[in-house]
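The values are calculated or read from the model by the stated rules, or taken from the named source; none is laboratory data. Predicted model only: the values in this text are computed from it and were never measured. Reconstructed Cβ throughout: ideal geometry from the backbone, glycine too, with neighbour counts over all protein chains shown.
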Amino acid sequence: MKLPPLTIGPFTAPIPLVQGGMSIRVSTSALAAPVADCGGIGIIGGSALPLEELVADIKKAKSMTNGVVGVNIMFAMKDFYKSVMASIDAGVDMIITGAGFSRDIFKIGKETKTPIVSIVSSPAFARLAEKLGAAAIVVEAKEAGGHLGTDVALRDLFPEIRKVVKKVPLIAAGGITNGYEMGELMDKYGADGVQIATRFVLTKECSVADRFKQTMLEATKDDVVLTSSPVGLPGRAINTPFVQKLAAGENLKTKECLYKCLKKCDHHYCISERLRKAHDGNYEEGLFFSGENVYKMKEILTVKEVFDQFVSQAESVYKER
């Protein structure tokens, strides 16, 4: 059965597939535009980017595609509201936000006619987001990469949130590796679409260093662990030498705060510095955020190949509700 489109506010994506917004510089226009061109929703990771760079990348993405392009900005960022307004002024189609919860963002969305998509990990926050005016809600479970708001698995968490969200699209996220799972979540669990991130790192268009991609390709199930983050949330990452040092309790503090990027930071290491090192392929010193099921992925594809694979597999199991 053909998959239904995904409509968020005034924007409709022909394919109900959202590419997760990954920072720092993991998901840029180089990835988001091809995703949008393929009929999904392409997302730029906007957290911890200089505003000039963020604005330029949004404009670049919008010039590359007629599809839907959003930006993901963590509420935990010190310049959250400046980044949101700069993104809207640059012409982004929608704002996706998590890692904390903002009430004021919905007022901004209403005033600027910009859809706000909330990433949540509990029924309570999902209910609140819908009440305050979220245009769509992403249910992010414990299998996701990066910062986590729950230790509950997607297939346990999603049904509980599906019970309380009635009016806006509900998107499943966390550990989804193929189209069969996409079709299952839409058919059996009632998802209106899915969000995937790690699979898109392993594409030719993703602009991270080759060593980043190889680190993911080489990862085993046991290599994916939970680690601490200065954001105040646990993070799922690959167990690289840096993460091993964190677990061993080594002192990894920097002498001074280089980026001043977070509203609240416990400074046991600089997350911006470590994510930048990962982007550049520094295996020894980088923080490589990754989804729980990265070990299931064994090849680098083009974005179009990912879409073709996901759609054909999903349509083979999806039945119209």
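Got at least one residue in the range 130-142 being of a type in the set (Lys, Arg) and touching a residue at least 60 places away in the same chain (Cβ under 8 Å)? The answer is yes, given that some residue of the range 130-142 is of a type in the set (Lys, Arg) and touching a residue at least 60 places away in the same chain (Cβ under 8 Å).
Within the range 193-223, the set of residues being among the charged types (D, E, K, R) and under 16 Å from the mean Cα position of the chain (by Cα) comprises just one member, 199.
Remark: pairs (first residue in the range 226-245, outside the structural domain of residue 100 (by TED's automatic domain parsing) and within 15 Å of residue 282 (Cβ to Cβ); second residue in a loop (DSSP other than H, G, I, E, B) and acidic (Asp, Glu); Cβ separation under 8 Å; 6+ apart in sequence or on different chains) = 240/284; 241/284; 241/285; 242/284; 242/285. Within the range 44-53, the only residue that satisfies the criterion of being farther than 17 Å from residue 147 by Cα and either basic (Lys, Arg) or within 16 Å of the chain's Cα centre (by Cα) (or both) is 49.
Here the condition is being acidic (Asp, Glu), at pLDDT below 95 and out of contact with any Phe, Trp or Tyr (no Cβ under 9 Å at 6 or more places or on another chain); of 79, 89, 37, 57, it holds for 79 alone. Residue 270 meets all of the listed conditions (1) crowded, with 21+ Cβ neighbours inside 10 Å; (2) in contact with a helix residue (DSSP H, G or I) (Cβ under 7 Å, 6 or more places away or on another chain) but one, namely (2). Can you name every residue in the range 114-124 that is in contact (Cβ under 8 Å) with a residue 12 or more places away in the chain and surrounded by fewer than 18 Cβ atoms within 10 Å (Cβ to Cβ)? The answer is 122, 123. Looking across the range 70-94, just one residue is assigned to a helix (DSSP H, G or I), closer than 14 Å to residue 59 by Cα and either in contact with a His (Cβ under 8 Å, 6 or more places away or on another chain) or of a type in the set (Val, Ile, Thr) (or both), and that is 88. If you check 98, 70, 133 for being over 30 Å from residue 221 (Cβ atoms), surrounded by 24 or more Cβ atoms within 10 Å (Cβ to Cβ) and of a type outside the set (Phe, Trp, Tyr), only one passes: 70.
Residues in the range 144-165 that are under 17 Å from residue 188 (Cα atoms) and crowded, with 21+ Cβ neighbours inside 10 Å: 154, 157, 158, 161, 165.
If we keep just the residues of the range 292-319 that are under 18 Å from the mean Cα position of the chain (by Cα) and part of a loop (DSSP other than H, G, I, E, B), which is surrounded by the most Cβ atoms within 10 Å (Cβ to Cβ)? Going through the qualifying residues, I end up with 292. Just one residue in the set 253, 263, 221, 204 is over 24 Å from residue 33 (Cβ atoms), out of contact with any Lys or Arg (no Cβ under 9 Å at 6 or more places or on another chain) and basic (Lys, Arg); that residue is 253. Selection within the range 255-267: residues that are basic (Lys, Arg) and within 19 Å of residue 83 (Cβ to Cβ). The member of this set that is surrounded by the most Cβ atoms within 10 Å (Cβ to Cβ) is 263.
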